[in-house]
Amino acid sequence: QVQLVDAGGGLVQAGGSLRLSCAASGRFYSINVMGWYRQAPGKQRELVATITSAGSTNYADSVKGRFTISRAENTVYLQMNSLKPEDTAVYYCYLRDVLANAYWGQGTQVTVSS
């Protein structure tokens with residue numbers, strides 16, 4: 001019933017920028033938190049950034065100062081600047097509502113070349 005459609009991935013050179021977006025649709029309870037995870041081949045999934053309904057943000061140490069998460073209505077964005085090859089991964093959008101239901105996007109590939 002609930003869908004998260006994430007998009008914006010692609011190929012970019014080191015030092016470049018990308019903006020990911022994730023639009024939530026369907027019936028869900030009030031949003032508690034939205035965020036982005038990423039997973040590279042052979043690596044564990046890791047949390048990249050989150051934003052609460054009140055606007056509080058949290059970032060992984062590896063992306064602080066380079067990535068910015070924001071939200072408008074039911075869409076969450078991830079602005080990624082100064083990209084590095086180690087940022088290469090599939091990025092997944094995440095939503096948790098106030099009843100602790102969790103939803104995931106299908107993933108969008110980000111590849112950073114050197």
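The values are calculated or read from the model by the stated rules, or taken from the named source; none is laboratory data. A quick note: this is a predicted structure, and the numbers were derived from the prediction, not measured. Note that each Cβ is placed from the backbone with ideal geometry, even for glycine, and that neighbours are counted across all protein chains shown. Protein only, heavy atoms only, side chains kept; ligands, DNA and RNA dropped before computing areas. Shrake-Rupley method; radii C 1.70, N 1.55, O 1.52, S 1.80 Å.
Report, in whole Å, the centroid distance computed from the Cα atoms of the range 1-34 and the range 56-94.
A separation of 10 Å, based on Cα centres.
Express the carbon and sulfur contribution to the solvent-accessible surface of the range 1-47 as a percent, rounded to the nearest whole number, probe 1.4 angstrom.
Percent of accessible area from carbon and sulfur atoms in the range 1-47: 44.
Over the chain, calculate the relative contact order: mean separation of alpha carbon pairs under 8 Å at least 6 apart, over the residue count, as a percent.
Contact order relative to length: 37 percent.
How much accessible area per residue does the range 64-114 have, in Å², with a 1.4 Å probe?
With the other protein chains kept in place, the range 64-114 gives 50 Å² per residue.
Which one, 49, 14, 72, has the greatest fluctuation when you compute a Gaussian network model over the chain with C-alpha springs under 10 angstrom?
Looking only at 49, 14, 72, the largest GNM fluctuation is found for 72.
As an exercise, find the ratio Rg/Rh for the range 41-84 from alpha-carbon atoms, using the Kirkwood inverse-distance average for Rh.
Answer for the range 41-84: 1.00.
Counting Lys +1, Arg +1, Asp -1, Glu -1, what net charge surrounds residue 92 among other residues with beta carbon under 10 Å of its beta carbon?
Summing Lys and Arg as +1 and Asp and Glu as -1 gives +1.
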